[in-house]
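One structure is given here, and the rest of the page talks about it.
The values are calculated or read from the model by the stated rules, or taken from the named source; none is laboratory data. In this text, all values refer to a predicted model and were calculated from it rather than measured experimentally. Using ideal geometry, Cβ is built from the backbone for each residue, glycine included, and neighbour counts are taken over all protein chains shown.
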């Protein structure tokens, strides 16, 4: 049997498992947020609680993400309904996020459709041919400050209020989600005062950092795959453009098994609660790029795709007013 055949056996959905995941994650999110607000004056308790709230929000986003793939519940209606109900707490409008993320899956590893990716990558040739202002802008965009702090806050707090393809996927979905977020924030303020908003804001910063770091490492390692059609193929791109994050079982639980990313890209119909079991069943057929925590930090140096060498590389150094020569 090949990988696709094995993976199909793990695409069975369970409404019971799905709803228990949603209820348990929502309960943890609100309990941890309440504790963080209540203990906000005690910094050494507030900090770990804020991290815990952040990971509860990330897990909610991952469950919403599975709903967007139609792989969480047994019916499309249930997936869409529950996905929309979780959206105010993830700050990600359901329809637009679903559409844009599925575009990312459809064009994974395709140099002709990098606009569908979650983090943009220039080729070395493009960088060398670019004017100074564009090279400086790309370097700024690829800096940790933008990618993991300012960028995620801009995306989740501002851009997602008027998301890419929002008109195509439904203005009402965006407007209703924005209204629900406003009511949620107003409710927190009414119940707990300004402290609640500051505590939630801190957890959003932490969640944004990890929420950006996860896809960055999964799709930004040295030996990843980029190609152009006609040689570009979906199966190769899915398995070789996506890494497996080897951060441990606790991390896998907190992020709903999104660590097994190559298999997820190959078959997004596998619900998150089956993904680890499926990976273990077909691991012997996969040539996964496994990345541990320390190796993941090393991925920060990869900035450009070198089409000649077929690998990610660091920036040419130092930057100058003259265009760098293409090697």
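Would a scan of region 259-278 turn up a residue that is in contact with a strand residue (DSSP E or B) (Cβ under 7 Å, 6 or more places away or on another chain) and either touching a residue at least 60 places away in the same chain (Cβ under 8 Å) or on the phi > 0 side of the Ramachandran plot (or both)? Among the residues of region 259-278, at least one is in contact with a strand residue (DSSP E or B) (Cβ under 7 Å, 6 or more places away or on another chain) and either touching a residue at least 60 places away in the same chain (Cβ under 8 Å) or on the phi > 0 side of the Ramachandran plot (or both), which makes the answer yes.
When restricted to residues that are under 20 Å from residue 168 (Cβ atoms) and either surrounded by fewer than 19 Cβ atoms within 10 Å (Cβ to Cβ) or touching a residue at least 24 places away in the same chain (Cβ under 8 Å) (or both), region 69-90 contains 6. Looking across 243, 194, one residue alone is touching a strand residue (DSSP E or B) at 6+ places or on another chain (Cβ under 7 Å) and either free of Cβ contacts under 8 Å to residues at least 12 places away in the same chain or closer than 20 Å to residue 289 by Cβ (or both). It is 243. Please count how many residues of region 180-199 are more than 22 Å from residue 41 (Cβ to Cβ) and under 24 Å from the mean Cα position of the chain (by Cα). The qualifying residues number 4.
If a residue must be within 20 Å of the chain's Cα centre (by Cα) and not in a helix (DSSP H, G or I), how many such residues does region 113-126 contain?
6
The set of residues in region 127-147 being more than 16 Å from the chain's Cα centre (by Cα) and buried (at least 18 other Cβ atoms within 10 Å of the Cβ) consists of 127, 135, 138, 142. Of everything in region 136-184 that is part of a loop (DSSP other than H, G, I, E, B) and in contact (Cβ under 8 Å) with a residue 60 or more places away in the chain, the residue that is farthest from residue 312 (Cα to Cα) is 170. Screening residue 62 with (1) touching a residue at least 60 places away in the same chain (Cβ under 8 Å); (2) within 17 Å of residue 174 (Cα to Cα) gives one miss only, at (2).
Considering 182, 193, which residue is at positive phi and modelled with pLDDT of 95 or more? Of the residues listed, the single one that is at positive phi and modelled with pLDDT of 95 or more is 193. Filtered by the rule that a residue be closer than 27 Å to residue 238 by Cα and surrounded by fewer than 16 Cβ atoms within 10 Å (Cβ to Cβ), region 18-35 gives no residues.
Restricted to region 303-319, and to residues there that are surrounded by fewer than 12 Cβ atoms within 10 Å (Cβ to Cβ) and within 23 Å of residue 146 (Cα to Cα), the residue that is nearest to the chain's Cα centre (by Cα) is 314.
Against the conditions (1) within 28 Å of residue 311 (Cα to Cα); (2) in contact with a helix residue (DSSP H, G or I) (Cβ under 6 Å, 6 or more places away or on another chain), residue 272 satisfies every one except (1). Residue 124 meets each of the listed conditions (1) at pLDDT 95 or above; (2) surrounded by 15 or more Cβ atoms within 10 Å (Cβ to Cβ); (3) in contact with a helix residue (DSSP H, G or I) (Cβ under 9 Å, 6 or more places away or on another chain) apart from (3).
In the set 116, 57, 96, which member is over 24 Å from residue 252 (Cβ atoms) and crowded, with 22+ Cβ neighbours inside 10 Å?
96
Report yes if residue 238 is in contact with a strand residue (DSSP E or B) (Cβ under 8 Å, 6 or more places away or on another chain), under 16 Å from residue 225 (Cβ atoms) and buried (at least 21 other Cβ atoms within 10 Å of the Cβ), otherwise no. It is false that residue 238 is in contact with a strand residue (DSSP E or B) (Cβ under 8 Å, 6 or more places away or on another chain), under 16 Å from residue 225 (Cβ atoms) and buried (at least 21 other Cβ atoms within 10 Å of the Cβ).
Considering only residues that are touching a helix residue (DSSP H, G or I) at 6+ places or on another chain (Cβ under 6 Å) and free of Cβ contacts under 8 Å to residues at least 24 places away in the same chain, look in region 36-51 and name the one that is surrounded by the most Cβ atoms within 10 Å (Cβ to Cβ). Among them, the one singled out is 49.
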